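Contents: one structure, followed by commentary.
Just so it is clear, none of the values below were taken in a lab; they were calculated from the coordinates. Values in this document were obtained by computation on a predicted structure and should not be read as measured data. No Cβ is skipped: glycine too gets one built from the backbone with ideal geometry, and neighbour counts run over all protein chains shown.
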Amino acid sequence: ETGVTQTPRHLVMGMTNKKSLKCEQHLGHNAMYWYKQSAKKPLELMFVYSLEERVENNSVPSRFSPECPNSSHLFLHLHTLQPEDSALYLCASSQDVRSTDTQYFGPGTRLTVL
Amino acid sequence: QQQVKQSPQSLIVQKGGISIINCAYENTAFDYFPWYQQFPGKGPALLIAIRPDVSEKKEGRFTISFNKSAKQFSLHIMDSQPGDSATYFCAASTRFSGGYNKLIFGAGTRLAVHP
């Protein structure tokens with residue numbers, strides 16, 4: 001295992017629901033990331049946090065709201081999603097956002113928006 | 001300019017054969033090129049990586065070939081095994097505004113190794 005855990009592993013929600021994805025890293029890293037993985041598309045970087053400070057918001061719609069309360073935990077709050085938001089959401093961590101360190105990925109949350 | 005183009009989209013290889021996946025990029029500021037392997041139900045995991053100051057890196061059955069002038073790099077899997085069946089992603093990294101490094105991923109190649 002990579003030391004990055006994500007919950008839940010699967011989530012089905014309606015367009016009017018509010019839900020949250022959780023990520024926890026046990027590697028002592030300082031940087032955490034949210035990616036979106038859709039079928040037949042490259043992994044899309046959504047958000048980057050360095051020591052709990054957001055350093056990148058990659059033109060993500062406001063219906064996705066990240067939260068990083070400490071360097072080990074990362075949340076993605078979801079509200080009023082669209083069916084096209086259905087995808088695998090991956091969390092990753094690395095030692096330092098300013099160096100080309102290996103990014104360690106969690107197993108992802110498979111999200112289905114009805 | 002920030003794209004990494006990966007081919008083929010899918011690949012079928014017989015056991016014992018050589019699997020080759022290619023990637024191309026435009027941004028000459030990219031300075032780190034990792035390959036990730038992803039099995040169903042798992043997140044991507046780093047397989048092997050190279051920096052542009054070398055033309056080849058080998059780790060076991062996996063080799064990266066890097067052509068800086070052509071802005072291309074490829075993954076070769078020698079003696080491919082059914083256990084290698086997975087999706088492979090190339091990526092490139094550079095420092096973006098704000099001083100942090102960002103990985104740009106290719107679209108992925110689904111490899112199936114048949115016994």
Legend entry - Alpha-carbon radius of gyration plus Dmax, which is the widest Cα pair, for the protein assembly as shown in Å: 17.6, 52
Legend entry - Cα Rg, Dmax, region A:34-87, angstrom units: 11.7, 33
Legend entry - Stokes-Einstein diffusion coefficient of chain B, Kirkwood radius over Cα pairs, 10 °C, 1.306 mPa s, in µm²/s: 111
Legend entry - C-alpha center-to-center spacing [region B:48-115, region A:6-41] in angstrom: 25
Legend entry - Relative contact order computed over chain B (Cα-Cα under 8 Å; 6+ residues apart), in percent: 36
Inset, instruction - Excluding residues fewer than 8 places away in the same chain, name every one of the lysines whose C-alpha is closer than 16 Å to that of B:Lys102. - result: A:Lys36
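Quick one: Kirkwood hydrodynamic radius for chain A, alpha-carbon pairs, angstrom, one decimal?
Roughly 14.0 Å, rounded to one decimal.
Please state, to two decimals, what the Cα-based radius of gyration of region B:69-111 comes to when divided by 2.2 N^0.38 Å (N = residues).
Taking N as the residue count of region B:69-111, the ratio is 1.54.
Please state the relative contact order of chain A as a whole percent: Cα pairs under 8 Å, 6+ residues apart? Don't jump to the answer; show the numbers that get you there.
Details: 289 pairs, mean separation 42.5, N = 114.
So the answer I get is 37 percent.
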Legend entry - Radius 14 Å from Cβ of B:Thr109, net charge of other residues (Lys, Arg +1; Asp, Glu -1): +3
Legend entry - Sparse-neighbourhood loop sites, GluC sites (Glu not before Pro) in region A:1-99 - DSSP loop, at most 13 other Cβ within 10 angstrom: A:Glu1
